[in-house]
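The values are calculated or read from the model by the stated rules, or taken from the named source; none is laboratory data. Since the structure is predicted, the reported quantities are computational estimates derived from the model, not experimental observations. Here Cβ is always computed from backbone atoms with ideal geometry, including for glycine, and neighbour counts include all displayed protein chains.
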Amino acid sequence: MSGAWTSAPTRRKNEPAVTLRSSRLTGFYRLALAERRRQVAEVSGVTLERFAAIDPGALPLAVADHMIENVIGTYALPFAIAANFVVDGEDVLVPMVVEEPSVVAAASNAARMARPAGFTSTLTTPSMIGQIQITQVADVVAGAARLQAAAGALVEAARALVPRMTDRGGGPTSLEVRTLATDPDGPDGGMLVVHLHVDVRDAMGANLVNTLCEALADRIAEIADGEVGLRILSNLTDGRTVTVRCHIADAELGGPAVRAAIAAASRFAELDPYRAATHNKGIMNGIDAVLVATGQDWRAVEAGAHAFASLSGTYRPLAVWREAEGGLAGELAMPLAVGTVGGALGAHPSARLALEVAHITTADRLAAIAGAAGLATNLAALRALATEGIQRGHMALHARKQHRP
């Protein structure tokens with residue numbers, strides 16, 4: 001049994017604040033590191049001085065010591081730029097932080113193939129779910145009915161707790177009641193869970209949602225005639241999703257035979273969860289690299305992505321590829337909870353620089369770019385598998401890694 005009370009959410013446009021001159025950086029990988037910085041600065045409009053944020057020691061130990069507990073130092077990873085991306089008609093330099101060779105090269109190469117049409121995105125309202133668990137409910141049917149009747153008042157009470165977010169067009173939007181257990185003599189008695197849906201605007205929103213859940217829990221338990229259980233957000237953010245699409249022409253792929261082989265590899269992932277896990281790992285190679293660079297909770301996104309992939313009861317691929325007229329059509333759909341305010345962004349200079357280089361000012365834009373990176377790395381992996389095999393280029397880059405100055 002379930003029900004929901006909803007107030008109309010406000011949709012936002014996904015537009016970069018500044019137009020990049022071009023993300024097509026021919027021969028970028030051949031340049032010396034200093035020259036790459038100069039070129040990124042010139043193209044993005046970010047001054048060279050700002051790149052001190054990714055120099056060794058840019059995260060001071062004193063700052064690190066206040067970010068997490070028991071700090072004894074900092075740990076560096078390579079900060080790179082994936083080139084050639086066009087997302088929603090705008091060129092973008094995609095920041096990536098990752099330790100694995102070939103991820104950045106693969107993303108850049110796939111983005112070059114997709115460049116004529118580019119990647120396009122569709123985003124839902126940035127709605128997070130807060131769960132309030134109510135246990136020991138003597139009559140779950142009556143308790144759920146009372147909660148549904150009170151849903152409008154509960155949402156308004158929650159909105160009053162976050163007036164500034166409400167003024168910005170966000171805040172709590174709806175309340176849903178779900179029944180999880182009906183046996184009053186079972187170990188939990190009757191169990192209900194209330195989902196509070198919150199439009200968090202440009203925040204990831206975890207702390208806000210958790211605060212709201214804790215503030216409403218006692219009142220909800222009283223209405224349901226039960227006891228308060230857990231009060232915390234869900235990382236299965238299926239109300240906050242991104243869909244990214246692209247079309248790759250046969251001439252860019254390497255011909256109709258390559259197109260057919262990639263489509264067949266996609267079908268393999270759709271039929272077999274063992275293959276789907278590796279297929280999705282290739283997607284997360286690109287997404288996680290963008291999320292780490294921009295200071296996001298990449299573990300939350302990973303958890304949500306894999307839960308979303310399993311919603312049908314079988315683990316499924318997050319992206320699929322189909323043969324289309326003269327080429328290949330790809331589509332990625334997944335939850336992607338990210339933010340451009342709060343979290344580590346206020347403290348971490350490298351994360352702020354990443355947003356600046358990519359001209360990211362909204363969570364929508366960040367989600368679109370991360371999704372495009374994931375679809376790109378998936379395409380690159382499937383194309384390699386369908387042609388020369390994954391190891392040839394991958395191991396060549398591993399060998400390069402072993403040659404240290």
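A few notes on this one:
- Scanning the range 157-204 for residues that are in a loop (DSSP other than H, G, I, E, B) and either in the same structural domain as V338 (by TED's automatic domain parsing) or surrounded by fewer than 19 Cβ atoms within 10 Å (Cβ to Cβ) (or both) yields a count of 10.
- Selection over the range 217-244 of residues that are touching a helix residue (DSSP H, G or I) at 6+ places or on another chain (Cβ under 8 Å) and either over 30 Å from L196 (Cα atoms) or in a loop (DSSP other than H, G, I, E, B) (or both) gives a count of 6.
- Test result for A381, in a helix (DSSP H, G or I) and farther than 18 Å from I248 by Cβ: no
The rows are residues; the columns are (1) of a type in the set (K, R); (2) in contact (Cβ under 8 Å) with a residue 24 or more places away in the chain; (3) outside any helix (DSSP H, G or I); (4) buried (at least 24 other Cβ atoms within 10 Å of the Cβ).
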{"residue": "A58", "(1), (2), (3), (4)": "no, yes, yes, no"}
{"residue": "A62", "(1), (2), (3), (4)": "no, no, no, no"}
{"residue": "I72", "(1), (2), (3), (4)": "no, no, yes, no"}
{"residue": "V92", "(1), (2), (3), (4)": "no, yes, yes, yes"}
{"residue": "R112", "(1), (2), (3), (4)": "yes, yes, no, no"}
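- Residue pairs whose Cβ atoms lie under 9 Å apart, sitting 6 or more positions apart in sequence or on different chains, and linking a residue in the range 13-35 that is of a type in the set (D, E) to a partner that is in a loop (DSSP other than H, G, I, E, B) and modelled with pLDDT of 65 or more, are E15/D88; E15/T361; E15/T362.
- Filtered by the rule that a residue be over 15 Å from the mean Cα position of the chain (by Cα) and buried (at least 24 other Cβ atoms within 10 Å of the Cβ), the range 328-350 gives L328, G330.
- Subset of the range 235-244 [crowded, with 19+ Cβ neighbours inside 10 Å and not aliphatic (A, V, I, L, M)]: N235, T237, G239, R240, T241
- Residue within the range 291-311 that is at pLDDT below 95 and among the charged types (D, E, K, R) present: no
- Boolean, R50 is touching a strand residue (DSSP E or B) at 6+ places or on another chain (Cβ under 8 Å), outside any loop (DSSP other than H, G, I, E, B) and modelled with pLDDT of 95 or more: no
- Candidate set: the range 351-385, residues that are of a type in the set (S, T, N, Q) and within 23 Å of I283 (Cα to Cα); chosen: the one surrounded by the fewest Cβ atoms within 10 Å (Cβ to Cβ): T362
- Candidates N280, N207, filtered to the one that is in a helix (DSSP H, G or I) and crowded, with 20+ Cβ neighbours inside 10 Å: N280
- Among (1) under 14 Å from Y315 (Cα atoms); (2) surrounded by fewer than 16 Cβ atoms within 10 Å (Cβ to Cβ), the one test that G255 misses: (1)
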